[in-house]
Amino acid sequence: KQDEEVVEVLPQVDASVKVDVVRSAKETNTVIMKATGLGGKMTSVGYELTYDSQGLGKGVTSGSKPIDTTGKDDFEREVYLGTCSRNVCKPDVGVSKVSVILEFTDRDGKKSQFSKDYDL
């Protein structure tokens with residue numbers, strides 16, 4: 001008998017939380033991720049944003065630094081779609097859709113998630 005990998009399936013975030021992702025009007029190759037309706041109940045939000053650029057799968061994550069949302073009703077985060085190294089940024093081109101997964105943590109440490117694909 002092999003040990004089965006346990007994949008944590010998180011419950012969906014409360015329906016009062018609304019998430020949107022739009023292209024930035026000011027910054028090229030940048031999207032703005034917004035969430036409202038947090039009601040001060042969430043302490044942090046981690047994110048994973050994935051997309052295709054010229055047939056290659058790319059992604060951006062919050063990594064070990066989730067967005068601090070303690071006491072807030074909403075957040076907004078600009079996410080650059082590209083790679084930066086030594087202050088030189090190279091944009092990923094041809095991005096027409098992004099997949100977003102947000103992981104919310106509430107004051108009790110309980111996690112929930114939101115996921116959706118957005119056409120840009």
Exercise. Among the residues of region 92-100, is any open to solvent by less than 70 Å² (accessible area, probe 1.4 Å), among the aliphatic types (A, V, I, L, M) and assigned to a loop (DSSP other than H, G, I, E, B)?
Worked result: yes
For this session: Taking Glu27 as the residue in question, decide whether it is touching a strand residue (DSSP E or B) at 6+ places or on another chain (Cβ under 8 Å) and outside any loop (DSSP other than H, G, I, E, B).
Result: no
Exercise. Only one of Asp74, Asp117, Asp52 is touching a Ser or Thr at 6+ places or on another chain (Cβ under 9 Å) and surrounded by fewer than 12 Cβ atoms within 10 Å (Cβ to Cβ); which?
Worked result: Asp117
For this session: Specify the residue that is nearest to Ser96 (Cα to Cα); the eligible residues are those in region 30-49 that are surrounded by 18 or more Cβ atoms within 10 Å (Cβ to Cβ) and either under 13 Å from the mean Cα position of the chain (by Cα) or at pLDDT below 95 (or both).
Result: Val31
Seminar exercise, completed: Scanning region 1-14 for residues that are modelled with pLDDT of 95 or more and open to solvent by less than 80 Å² (accessible area, probe 1.4 Å), the one farthest from the chain's Cα centre (by Cα) turns out to be Pro11
Seminar exercise, completed: Pairs returned, first residue in region 34-54 that is touching a residue at least 24 places away in the same chain (Cβ under 8 Å) and farther than 17 Å from Ser16 by Cβ, second residue that is open to solvent by 50 Å² or more (accessible area, probe 1.4 Å) and not in a strand (DSSP E or B), beta-carbon separation under 7 angstrom, 6 or more apart or interchain, are Ser44/Pro66; Gly46/Pro66; Ser53/Val93; Ser53/Gly94; Gln54/Val93; Gln54/Gly94
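The values are calculated or read from the model by the stated rules, or taken from the named source; none is laboratory data. Values in this document were obtained by computation on a predicted structure and should not be read as measured data. Backbone-built Cβ (ideal geometry, glycine too); neighbour counts: all protein chains shown. Surface accessibility is based on the protein's heavy atoms, side chains included, excluding ligands, DNA and RNA. Shrake-Rupley method; radii C 1.70, N 1.55, O 1.52, S 1.80 Å.
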